[in-house]
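Structure first, commentary second.
The values are calculated or read from the model by the stated rules, or taken from the named source; none is laboratory data. Just so you know, these numbers come straight off a predicted model, no measurement behind them. Note that each Cβ is placed from the backbone with ideal geometry, even for glycine, and that neighbours are counted across all protein chains shown.
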Amino acid sequence: MRRRSLLLAAVPAGLVTLAGCGDGKSDSSKASASPSASGASVSPPKIVDGPVPAITAGAKFGEKPTVAKGSGEPSKDLAVKTVIAGGGRTVAENDFVQAHYLGQIWSSGKVFDNSYDRKSPLVLQLAEGSVIDGWRYALTGKKAGSRIVMAVPPTWGYGSSGNAQAGIKGTDTLVFVVDVLNTFNTKSSAQGKEVPQTDAALPKIGTNTDGKAPSIDIPKSAAPGKLVSNYVLESDGAEVKAEQTVLCQFQGVVWDGGKTFEQTYGSGRLSQFSLEQMKQVVKGLSEGLTGKKVGSRVLVVVPPDLAYGDTPPSGDVIKKGSTLVFAVDILAAM
């Protein structure tokens, strides 16, 4: 089974009624834990530029680094150094960040986790309670395309309890190398090439790329009896795999009447969910996104037998036998 990262994003709002967050897999033989906030209220750290250990190999952005063991006593403040300055969008607090990273213990140089070997970057939210405070403060204000080295004291890491499963003691300062690949917020949207929407029997989806909800025009004809999954904007990103978790903007409406039952556009949130878990709730949405390219906007029309069928969720929008229509911007996959 694929190992879950030590740096898990929190469960965000959005499609919470459809599926939870996570990749649906675990491996009890390997350390797995989330460096979420301990719940204690602490003042923001003082950020200094060192000391941080040197990168001794893999110095290019995106390469797995080798990092020297810490020398002497680490700073009691949060030490942050930008070793490669990127030119992408600036990261803000509460953004979702897509990043490769390696983490090790200052005193021993022991690597406790890295995403490079998994060949799958992490997507996490820089929000209080979602990730260790060291990351939240160190990455805010940096630009996509940057490589950051940080030394995180326990106060802004796992706290005095440490993380026994990962071999981290409550006194350990942690060293991270982070390659910031991309950053997303509630104004993010697909940016692909427009694909002609020529089938008059299918909904027509707006092609705006300003982070606002696209229009969804439902035809007066009967809903299709089979699953539909078409590009509206097609990107050149990697194809989403069935076992991955996706980060997206979306809007869901019912075919009959076109009323919205849930959306992230304009809500101040994004949605993150496992396609495997989604199969248990709205199977058609999972199948409709599998194989589509990251960065794209997709129209997914889900017939009742691949949605809620005769057991709709509580509320008065989705009825028994409802066909569901989704406009989904696939921002990232992990």
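Residues of region 76-100 being assigned to a loop (DSSP other than H, G, I, E, B) and surrounded by fewer than 19 Cβ atoms within 10 Å (Cβ to Cβ), which ones?
Quick first cut of region 76-100, residues assigned to a loop (DSSP other than H, G, I, E, B) only: 76-77, 85-89, 91-95.
Listed by number, the residues that qualify are K76, D77, A85, G87, G88, R89, A92, E93, N94.
Just to be sure I understand, how many residues within region 133-176 are more than 19 Å from R89 (Cβ to Cβ) and in a loop (DSSP other than H, G, I, E, B)? Reasoning before the result, please.
Here is the first cut: in region 133-176, the residues more than 19 Å from R89 (Cβ to Cβ) are 133-134, 149-176.
Right, trim to in a loop (DSSP other than H, G, I, E, B) and you get 153, 157-158, 162, 167, 169-173.
The number of residues fulfilling the criteria is 10.
So which residues in region 165-224 are on the phi > 0 side of the Ramachandran plot and among the hydroxyl-bearing types (S, T, Y)? Steps first, please.
Our first condition is that a residue be on the phi > 0 side of the Ramachandran plot; within region 165-224, this holds for 167, 211.
Matches in region 165-224: none.
Taking the options G157, G167, name whichever one is surrounded by 17 or more Cβ atoms within 10 Å (Cβ to Cβ) and among the small types (G, A, S). Write out each step before concluding.
Working: G167 fails: surrounded by 17 or more Cβ atoms within 10 Å (Cβ to Cβ).
Result of the check over G157, G167: G157.
So in region 240-269, with the set limited to residues that are among the aromatic types (F, W, Y) and at pLDDT 95 or above, which one is farthest from P203 (Cα to Cα)?
If we filter region 240-269 for residues that are among the aromatic types (F, W, Y), which is where we start, we get 250, 255, 261, 265.
When the remaining residues are screened for being at pLDDT 95 or above, the result is 250, 255.
Numbers: F250: 15, W255: 9 Å.
Per the criteria, the residue is F250.
Given the structure, is Q272 in the same structural domain as T198 (by TED's automatic domain parsing), more than 20 Å from I205 (Cβ to Cβ) and in contact with a strand residue (DSSP E or B) (Cβ under 8 Å, 6 or more places away or on another chain)? First the steps, then the outcome.
On the way: in the same structural domain as T198 (by TED's automatic domain parsing): yes; more than 20 Å from I205 (Cβ to Cβ): yes; in contact with a strand residue (DSSP E or B) (Cβ under 8 Å, 6 or more places away or on another chain): yes.
Judged against the criteria, Q272 is a match.
Give region 269-295 a look and list any residue that's aliphatic (A, V, I, L, M) and either more than 24 Å from Q125 (Cβ to Cβ) or surrounded by fewer than 21 Cβ atoms within 10 Å (Cβ to Cβ) (or both), or say none.
Residues of region 269-295 aliphatic (A, V, I, L, M): 270, 275, 278, 281-282, 285, 289, 294.
Matches in region 269-295: V281 only.
In this structure, is G103 under 13 Å from V178 (Cα atoms), at pLDDT 95 or above, within 21 Å of the chain's Cα centre (by Cα) and not in a strand (DSSP E or B)? Write out each step before concluding.
Numbers: under 13 Å from V178 (Cα atoms): yes; at pLDDT 95 or above: yes; within 21 Å of the chain's Cα centre (by Cα): yes; not in a strand (DSSP E or B): no.
Spelling it out, it is not the case that G103 is under 13 Å from V178 (Cα atoms), at pLDDT 95 or above, within 21 Å of the chain's Cα centre (by Cα) and not in a strand (DSSP E or B).
Could you tell me whether V123 is of a type in the set (V, I, T), farther than 22 Å from I47 by Cβ and in contact with a strand residue (DSSP E or B) (Cβ under 8 Å, 6 or more places away or on another chain)? Walk me through it before giving the result.
On the way: of a type in the set (V, I, T): yes; farther than 22 Å from I47 by Cβ: yes; in contact with a strand residue (DSSP E or B) (Cβ under 8 Å, 6 or more places away or on another chain): yes.
Considered against the rule, which asks whether it is of a type in the set (V, I, T), farther than 22 Å from I47 by Cβ and in contact with a strand residue (DSSP E or B) (Cβ under 8 Å, 6 or more places away or on another chain), V123 comes out as yes.
Based on this model, can you work out whether D172 counts as of a type outside the set (F, W, Y) and out of contact with any helix residue (DSSP H, G or I) (no Cβ under 9 Å at 6 or more places or on another chain)?
So D172 fails the test.
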